[in-house]
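K.L.:
My questions will all concern the structure given below.
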Amino acid sequence: MTTHGTPFFSSLLRRFRRKETSSRFNRRASPLLECVIFIVVAVVFCLVSYLNNWFSGLNNVLYDNALNTFSREAPEDMVLIEIDNETLERMGHLPWSHDIMMRAHTRALKRLTEARAKAVYLDYPFNFEAVTRDSAVVDDAAARAINSNGSVVIPVVFNTNGQKIEERETLPAMDRAVAAKGHKEFIASPDGVTRATFLFAGASNHLEPHAALALLRITDPDKDVSRLGDVLFESSLKPNAELDYQFWYHIPYSGGAQHYSSYSYWRWITGDIPDSAVTDRVVFIGTTASRVEQVFATPKSGFMTPVSNIEIIMSTYEGLREGINIRVLPWSMNWLFASIGLTFLYLVYFRSPPSICILVTLLFIGLGIVGMRVALGVFQWQIAPASFLVCAACAYPLWMWRRLATVLFFLQQENMLLRQQGTMLTTMSASFTLSPEPVVRSLETLRETRERLQRASVERENFLHFLSHDMRSPQSAIIALIEMRSRKKANVNDDELFSQIKSYAQKTSKLAEEFVQMAKASSLTAGSFKELELTSLIDEAIDALWTFAAERKVKVKRNYEQTAFVKGSANLLSRAISNLIHNAIKFSPEDSEVTVSLIYSNGYWDFAVRDQGQGLSRDAQRHLLGMRSDNGGAQETGLVLGLAFVRTVIDRHGSMLKIDSAVGHGSTFYFRLKESDHRG
């Protein structure tokens, strides 16, 4: 009962453990559950990032890059008359005296009127601070020039007195003469780049339009600008916290510095520039000299070639006139699009292999960047894809990390089951060095298991051949002799007949015994190992084969002196060692020598048997080691069963049989066993 019950219950226990482990594996590493968790985490991360504006810097960079793809030619009807470095060299450095400034502007405006300029923006506020007692004459002349032109716009300057916001007062004559006034406030983002302005700014009771908008109302009075501007803006970006602002306007720059047609202010007032250069054109007069005018970085220019304030006003005017109205997509819509994209991305991960996942990840990142450009160029929406792009870029490594963890867990469980089922050793081969990295270690373990299974498959074929041929041949010979005797056709007497039958029966019994020993070796486990002394086993094997060696005139040389303690099965190890020495003697020529060595090396005992026989070919070595080979010689075929037994025994002891041989140079069969923790 016990004998038959133990294997049954052991098999049942192994099945239960495999089922339990598989169940735990499925519960722990459900890809669908992990996919849902990843989606939820990514969506929540995007929500928090949008609420806290984590990636505003990256969004600004992406916006600048997208804006740079939509360059436009500078309008031919917009001209800049710039107070440049040449003008300063001719007229002196700024600030000029009030009289010099007024006379120069008067001359410039008279020429513009004569040349029939369409409208003029003069970047000079004409405030009282610069007025002297003797300036009434030049002020009146300037006022007449402005009034004569009829389309001059000047800027508004704000004063802050405590908590009260006031416009800096303009000279009354100029205030009556100009066609309109407007502010020139703009927004510099935290990164220092000027991207937007406000269409209206000032005190709460009186908001001034932007200078570009005031100019547009003169040049294109029928232009509908009521829908331009964006009501959404960040209060932290206000250039002056004391002022009120309305309608955030993203300046659609068409170019960087020196983008518009420009002429020197000095050359204009001296008559070097022909009137035709400004006829029917909108003229902007302002300072661009780098020595006196503050310059600003824009999405088009960057920090290397910044632009002046007057050029920013020109870009704003151009955008308003073209009706370009870039609006910021609400954060809720950005979050919705990001959530949908990440959900699809992780669902693709769930159904696709890693090679497809990386391509899909790159595709989604590309779609995010292209989508921003399309939204900006076609729909004039400024979207903020940074949160989505960050999550998408992190999605693949995070997902692959979880899949790798799942694979590692699976490999660990499978390795454990293989050990529990006795299909592999509790200790690895001494010649097989494992990597400390868990995944590589598990893969190497499975690789060795695969190699052992391949050898087992070859051995199975050899055993089938053994059963179908070697075991049947003696029996067939016995049956043939008996039939021949019964028909009286055999030319042998009874003594000779019985002698031959006995010989065949003994051969069959020997093969059966080897087969039984092979079965015992296959069922050997490390739990049954005991400590033993290896040199004594070798001595016994050599002594038992002394007669056989003497008959073949082969000398057996011993190359060991130390005592070698290992753990293993004494009977099976002794038989394996005896088989190796027996084969070495058997296939050695007369008057040759077989050397049996046992050498200590770094915690292991290396056992080797060296003969001086004819040697083995590479294909024969593979055949004897249980590997597939194209063919094997007749001599090697007789060794298959005996060496299969040796390989099995050594394999169960955590080692591997190896052969070092070349045709015509003898052969060495060797393996190594780990030293036991012997205490003398």
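K.L.:
Scan segment 285-298 and tell me whether some residue there is more than 28 Å from Gly92 (Cα to Cα) and touching a residue at least 12 places away in the same chain (Cβ under 8 Å).
P.N.:
Yes, some residue in segment 285-298 is more than 28 Å from Gly92 (Cα to Cα) and touching a residue at least 12 places away in the same chain (Cβ under 8 Å).
K.L.:
Turning to a different aspect of this structure: Going through segment 269-294 one residue at a time, which ones are under 22 Å from Asn309 (Cβ atoms), of a type in the set (A, V, I, L, M) and part of a loop (DSSP other than H, G, I, E, B)?
P.N.:
Val278, Ala289, Val292
K.L.:
Across segment 392-409, which residue is modelled with the highest pLDDT among those that are within 15 Å of Val43 (Cβ to Cβ) and either open to solvent by 20 Å² or more (accessible area, probe 1.4 Å) or of a type in the set (Asp, Glu) (or both)?
P.N.:
Out of the qualifying residues, it is Cys394.
K.L.:
If you take the residues in segment 87-106 that are touching a residue at least 60 places away in the same chain (Cβ under 8 Å) and in a loop (DSSP other than H, G, I, E, B), which one is surrounded by the most Cβ atoms within 10 Å (Cβ to Cβ)?
P.N.:
Leu94
K.L.:
Now for a different question. Where residues in segment 212-225 are farther than 16 Å from Gly319 by Cβ and out of contact with any strand residue (DSSP E or B) (no Cβ under 9 Å at 6 or more places or on another chain), which of them is most open to solvent (accessible area, probe 1.4 Å)?
P.N.:
Only one residue fits best here, namely Asp222.
K.L.:
Select from segment 182-211 the residues that are of a type outside the set (Asp, Glu), buried (at least 18 other Cβ atoms within 10 Å of the Cβ) and over 20 Å from Glu311 (Cβ atoms) and list them in ascending order.
P.N.:
Phe200, Gly202 - these are the residues of segment 182-211 that are of a type outside the set (Asp, Glu), buried (at least 18 other Cβ atoms within 10 Å of the Cβ) and over 20 Å from Glu311 (Cβ atoms).
K.L.:
Right, another one. Condition (residue is in contact with a Lys or Arg (Cβ under 8 Å, 6 or more places away or on another chain), touching a residue at least 24 places away in the same chain (Cβ under 8 Å), under 24 Å from Leu51 (Cα atoms) and open to solvent by less than 40 Å² (accessible area, probe 1.4 Å)) applied to segment 341-349: is it met by at least one residue?
P.N.:
The initial filter retains those residues of segment 341-349 that are in contact with a Lys or Arg (Cβ under 8 Å, 6 or more places away or on another chain), namely none.
Within segment 341-349 (the criterion being in contact with a Lys or Arg (Cβ under 8 Å, 6 or more places away or on another chain), touching a residue at least 24 places away in the same chain (Cβ under 8 Å), under 24 Å from Leu51 (Cα atoms) and open to solvent by less than 40 Å² (accessible area, probe 1.4 Å)), the answer is no, since none of the residues qualifies.
K.L.:
Within segment 588-621, how many residues turn out to be part of a loop (DSSP other than H, G, I, E, B), open to solvent by 20 Å² or more (accessible area, probe 1.4 Å) and closer than 13 Å to Lys555 by Cα?
P.N.:
So the answer is 4.
K.L.:
Would you point out the residue of segment 350-372, among those that are under 24 Å from Arg72 (Cβ atoms) and free of Cβ contacts under 8 Å to residues at least 60 places away in the same chain, that is least open to solvent (accessible area, probe 1.4 Å)?
P.N.:
Of everything passing the filter in segment 350-372, Gly371 is least open to solvent (accessible area, probe 1.4 Å).
K.L.:
Have a look at Phe16, Phe70 and point out the one that is under 28 Å from Ile324 (Cα atoms), among the aromatic types (Phe, Trp, Tyr), loosely packed, with under 14 Cβ neighbours inside 10 Å and at pLDDT below 90. It would help to see each step written out before you state the result.
P.N.:
Working: Phe16 fails: under 28 Å from Ile324 (Cα atoms).
From the options Phe16, Phe70, the qualifying one is Phe70.
K.L.:
Within segment 64-90, which residues are acidic (Asp, Glu) and closer than 29 Å to Leu376 by Cβ?
P.N.:
Residues satisfying the conditions are Asp64, Glu73, Glu76, Asp77.
K.L.:
For segment 74-86, indicate whether the set of residues that are modelled with pLDDT of 80 or more, part of a helix (DSSP H, G or I), in contact with a helix residue (DSSP H, G or I) (Cβ under 9 Å, 6 or more places away or on another chain) and within 30 Å of Tyr121 (Cβ to Cβ) is non-empty. Even if it seems obvious, please write down each step before you answer.
P.N.:
Within segment 74-86, the subset modelled with pLDDT of 80 or more is 74-86.
Filter again for part of a helix (DSSP H, G or I), leaving 85-86.
Checking the rest, the ones that are also in contact with a helix residue (DSSP H, G or I) (Cβ under 9 Å, 6 or more places away or on another chain) come to 86.
Checking which are within 30 Å of Tyr121 (Cβ to Cβ) leaves us with 86.
Yes, there is a match, as at least one residue in segment 74-86 is modelled with pLDDT of 80 or more, part of a helix (DSSP H, G or I), in contact with a helix residue (DSSP H, G or I) (Cβ under 9 Å, 6 or more places away or on another chain) and within 30 Å of Tyr121 (Cβ to Cβ).
K.L.:
Being outside any loop (DSSP other than H, G, I, E, B) and surrounded by fewer than 24 Cβ atoms within 10 Å (Cβ to Cβ) is the filter here, so list the residues in segment 373-391 that pass it.
P.N.:
Hits for segment 373-391 are Arg373, Val374, Ala375, Leu376, Gly377, Val378, Trp381, Gln382, Leu389, Val390.
K.L.:
Another one. On the given criteria, is Ala119 open to solvent by less than 20 Å² (accessible area, probe 1.4 Å), in contact with a strand residue (DSSP E or B) (Cβ under 8 Å, 6 or more places away or on another chain) and at pLDDT 90 or above? Spell out the reasoning first.
P.N.:
Working: open to solvent by less than 20 Å² (accessible area, probe 1.4 Å): yes; in contact with a strand residue (DSSP E or B) (Cβ under 8 Å, 6 or more places away or on another chain): yes; at pLDDT 90 or above: yes.
Against the criterion (open to solvent by less than 20 Å² (accessible area, probe 1.4 Å), in contact with a strand residue (DSSP E or B) (Cβ under 8 Å, 6 or more places away or on another chain) and at pLDDT 90 or above), Ala119 qualifies.
K.L.:
Here's something else I'd like to know. Looking at segment 530-545, which of its residues are surrounded by fewer than 11 Cβ atoms within 10 Å (Cβ to Cβ) and more than 60 Å from the chain's Cα centre (by Cα)?
P.N.:
Selection gives Asp543 alone.
K.L.:
Ala29 fails exactly one of the following numbered conditions: (1) within 27 Å of Leu347 (Cα to Cα); (2) at pLDDT 90 or above; (3) surrounded by 14 or more Cβ atoms within 10 Å (Cβ to Cβ); (4) not aromatic (Phe, Trp, Tyr). What is the number of that condition?
P.N.:
(2)
K.L.:
In segment 166-197, how many residues are more than 28 Å from Asn147 (Cα to Cα) and either at pLDDT 90 or above or of a type outside the set (D, E, K, R) (or both)? Let's see the steps before the verdict.
P.N.:
The first filter runs over segment 166-197 and keeps only residues more than 28 Å from Asn147 (Cα to Cα), leaving 186-197.
The next check asks that each one be either at pLDDT 90 or above or of a type outside the set (D, E, K, R) (or both); those that pass are 186-190, 192-197.
Residues meeting the conditions: 11.
K.L.:
Here is a further query. Can you give me the number of residues within segment 566-586 that are touching a helix residue (DSSP H, G or I) at 6+ places or on another chain (Cβ under 7 Å) and either over 21 Å from Glu513 (Cβ atoms) or part of a strand (DSSP E or B) (or both)?
P.N.:
Selection size over segment 566-586: 1.
The values are calculated or read from the model by the stated rules, or taken from the named source; none is laboratory data. Keep in mind the model is a prediction, meaning the values are calculated, not measured. Ideal geometry is used to build each Cβ from the backbone, glycine not excepted, and the neighbour counts take in all protein chains shown. Heavy atoms of the whole protein, side chains included, go into the accessibility calculation; ligands, DNA and RNA do not. Shrake-Rupley method; radii C 1.70, N 1.55, O 1.52, S 1.80 Å.
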